[in-house]
Amino acid sequence: MKTAEIPKLVSELFELSKLYLEQEAVAPLRRTARYAGYSILGGLLFGLGWVLLAIAGLRLVLDLLPDTMLWSALAYVVGATLALGVALAIMWAAGRSKASP
């Protein structure tokens, strides 16, 4: 082996290592990060939608009940209980569908 070939082999090894790391590590991490970003954004949008629907349901219950302080407090309790119950039912159903083969 000639001594002039060693720098060429080292630079070739460096380039191949760089390409390998890009192909096997960086590209999959970018795809995973993109998927995670879309998932987090989707979760936040669904959460915001759920909060807005819960507020709309509370306003509906407030409009249907008489306009006194006791009925207003009852509407808030009923609205929060229903919102929590529906959210828990959705989470239970989502967890159940993942557990079944």
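The values are calculated or read from the model by the stated rules, or taken from the named source; none is laboratory data. Just so it is clear, the model here is predicted, and its values are computed rather than measured. Cβ placement follows ideal geometry from the backbone for every residue including glycine, while neighbour counts extend to all protein chains displayed.
Any chance region 7-17 includes a residue that's loosely packed, with under 10 Cβ neighbours inside 10 Å and at negative phi?
Yes, that holds for at least one residue.
Consider ILE40 against the criteria (1) at pLDDT 90 or above; (2) touching a Gly at 6+ places or on another chain (Cβ under 9 Å): it satisfies all of them except one. Which criterion is unmet?
The number of the failed condition is (2).
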